[in-house]
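Notes to accompany the following structure.
The values are calculated or read from the model by the stated rules, or taken from the named source; none is laboratory data. Predicted model, so just to flag it, every value in this text is computed and none were measured. Note: ideal-geometry Cβ built from the backbone for every residue, glycine included; neighbour counts use all protein chains shown.
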Amino acid sequence: MTRAGAHPNLIKVFEILKDTKIVTYKRGKKVVQTVNAIIMEKGKVDLFLLINKCEKFTEKTCRYFFKKLLSAIDHCHNQGVAHCDLKLENIIFDRFGNVKLIDFGLAHSIQNKGFGSYRKLLGTYGYMAPEIHKSELYNIKKADLFSLAVILFIMVYGSPPFAQANAEDSHYFLMQTETPTYLEFMEDLGDVGRDFQDLILRMLDENPKRRLTNIDEIKQHPWYSGKTSTFKEAILEVNAALLKSPQ
Ligand SMILES: Nc1ncnc2c1ncn2[C@@H]1O[C@H](COP(=O)(O)OP(=O)(O)OP(=O)(O)O)[C@@H](O)[C@H]1O
Ligand SMILES: [Mg+2]
């Protein structure tokens, strides 16, 4: 986590305590415990809880959050760190409304441009790239961007694109083999433009070689330059969501 360095969209770590003695008193008796702990900035709410409350954000606010998250991931990758567990629960909003990545518990150092041998099924099922289901050899940078596309899909539609990105999953199978039918499914979920559909299908392509994973190319995609909420507009949506009770 500290290797990833400072970025406005990464949780701030203040101190790492290793083998530190903590003294507490239980019924007047002194209790000394040795702990390892990370002292970090406290967020207000995670994205999972927020989506549970508001279901989805407007497309322009999704674009705003997507740009911030992409920038944080780009920064981590440039620092030689892949997150490896990007999901709604690992994204929080601080009290000012800034969106931040947390939980670097599965993070890995990037070697050989990301390609290497890693744990099979590294991450969380619904967000895992298809190659992680199949083998121990894959690219962790590409896997992070696959998870980001799943997060974007959920922010836009309020529900995930599939349960798991493997051939046994009917939604993912349809997405990869019967694209027009999957597009109809997306249209039923919400009225979002063709550019978004194109970006999502390319970022969730089952073939990592064909998949859109180059951050500069993602930024060149027409959807990326569409209308984007300002910080204030995004905060208004977050605050409105906070006031709602979970769906
Ligand atoms: N700095 C923080 N500020 C606010 N909430 C946080 C912060 N860190 C973690 N949380 C909340 O606690 C949850 C679990 O924390 P974290 O993701 O770091 O651990 P974890 O290893 O995923 O734990 P678990 O798998 O048991 O949930 C997060 O999903 C988030 O809701
Ligand atoms: Mg977590």
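Below, the figures for the structure above:
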| item | result |
| --- | --- |
| Single residue of the stretch 70-87 satisfying the filter (in a helix (DSSP H, G or I) and surrounded by fewer than 21 Cβ atoms within 10 Å (Cβ to Cβ)) that is farthest from ligand 2 (Cβ to nearest atom) | Asn78 |
| Test for Lys60: is it under 25 Å from Gly97 (Cα atoms), assigned by TED's automatic domain parsing to the domain that holds Asp195, of a type in the set (D, E, K, R) and within 16 Å of ligand 1 (Cβ to nearest atom) | no |
| Residue match in the stretch 88-100 (condition: of a type outside the set (Lys, Arg), more than 16 Å from ligand 2 (Cβ to nearest atom) and outside any loop (DSSP other than H, G, I, E, B)) | no |
| Filtered residues of the stretch 218-241 (kept if in contact (Cβ under 8 Å) with a residue 12 or more places away in the chain, surrounded by fewer than 19 Cβ atoms within 10 Å (Cβ to Cβ) and not aromatic (Phe, Trp, Tyr)) | Lys219, His221, Pro222, Gly226, Lys227, Thr228, Thr230, Glu233, Ile235, Asn239, Ala240 |
| Qualifying residue in the stretch 112-125 (condition: without any contact (Cβ under 8 Å) to a residue 40 or more places away in the chain, farther than 25 Å from Asp216 by Cα, of a type in the set (Val, Ile, Thr) and in the same structural domain as Asp205 (by TED's automatic domain parsing)) | yes |
| Some residue of the stretch 200-210 being on the phi > 0 side of the Ramachandran plot and in a loop (DSSP other than H, G, I, E, B) | no |
| Hits in the stretch 45-67 - residues which are away from ligand 2 (no atom under 16 Å from the Cβ) and either in a loop (DSSP other than H, G, I, E, B) or touching a Leu at 6+ places or on another chain (Cβ under 6 Å) (or both) | Glu55, Lys56, Phe57, Thr58, Phe66 |
